[in-house]
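Input: a single structure, listed below in structure tokens.
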Amino acid sequence: MKNLFILLTILFVGSNSNEESMLWNESRKLTWADFKASPDLKSRASAITASGITFEYSLKTSRKEIVDFSTKVEAHFYPNKSWFLEKQVDVYILAHEQLHFDITELYARKFREQLSLLVVNQNLKGQMNRLHASINKALNDTQQLYDLQTNHSINVTMQKEWEAKIIKELKTYEAYKS
């Protein structure tokens, strides 16, 4: 019986596998030194956090049938795509940017949970790719909603609500942290 391993890597749109990145780590918060890109002076933003989910999977086949699989999902921060305007930021805005990265980790955990529920079948690649697309859409929608509801951190009450919500959800999905 001959077995074949297939390894595929799918990165979030716009990333490069050789690009500098930092993995999410609950004991290491972002600092302004992590934001290395030149600021976009045409933007109305004071800071931009570039983050995303990387996804790899391998399939084990026997006689052209998928018999097993493994996955790897990680939340990344991209320093060379993240920037800030020094005279417009403070620790409060840094906390807002950190929560963007925390939201990315939350969706990485949700993705790991969904992948753990998959059963080996011959449509596995398609299922994983659809899950990946779905989780990326949900992540993007949540990031936009976060900025909309907090008015990019200006609405202090909503900012606190979002912080509490994301902390609670990260704990809910703690079994799926990296």
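The values are calculated or read from the model by the stated rules, or taken from the named source; none is laboratory data. These numbers were taken from a predicted model, which means no experiment stands behind them. For neighbour counting, all protein chains shown are included, and Cβ atoms are generated from backbone atoms with ideal geometry for every residue, glycine included. These accessible areas exclude ligands, DNA and RNA; they are computed on the full protein's heavy atoms, side chains included. Shrake-Rupley method; radii C 1.70, N 1.55, O 1.52, S 1.80 Å.
So here's what we get for this one:
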read-out: Those residues of region 140-173 which are in contact (Cβ under 8 Å) with a residue 12 or more places away in the chain, part of a helix (DSSP H, G or I) and closer than 15 Å to residue 113 by Cα, in sequence order; value: 169, 170
read-out: Complete set of residues in region 156-178 that are open to solvent by 60 Å² or more (accessible area, probe 1.4 Å) and either in contact with a strand residue (DSSP E or B) (Cβ under 6 Å, 6 or more places away or on another chain) or hydroxyl-bearing (Ser, Thr, Tyr) (or both); value: 157, 172, 176, 178
read-out: Residues (open to solvent by less than 70 Å² (accessible area, probe 1.4 Å), β-branched (Val, Ile, Thr) and within 25 Å of residue 43 (Cβ to Cβ)) located in region 122-155; value: 142, 150
read-out: Subset of region 39-66 that is open to solvent by 20 Å² or more (accessible area, probe 1.4 Å), of a type outside the set (S, T, N, Q) and within 16 Å of residue 143 (Cβ to Cβ) - its residue that is farthest from the chain's Cα centre (by Cα); value: 45
read-out: When residues of region 21-31 are limited to those that are out of contact with any strand residue (DSSP E or B) (no Cβ under 6 Å at 6 or more places or on another chain) and not basic (Lys, Arg), the one least open to solvent (accessible area, probe 1.4 Å); value: 30
read-out: Given (1) without any contact (Cβ under 8 Å) to a residue 12 or more places away in the chain; (2) in contact with a Pro (Cβ under 9 Å, 6 or more places away or on another chain), index of the condition residue 84 fails; value: (1)
read-out: Residues of region 68-94 that turn out to be open to solvent by 40 Å² or more (accessible area, probe 1.4 Å) and more than 13 Å from residue 55 (Cβ to Cβ), as a count; value: 10
read-out: Residue within region 13-20 that is assigned to a helix (DSSP H, G or I) and open to solvent by 30 Å² or more (accessible area, probe 1.4 Å) present; value: no
read-out: Counted residues, region 126-139 - those being under 21 Å from residue 52 (Cβ atoms) and either in contact (Cβ under 8 Å) with a residue 40 or more places away in the chain or small (Gly, Ala, Ser) (or both); value: 9
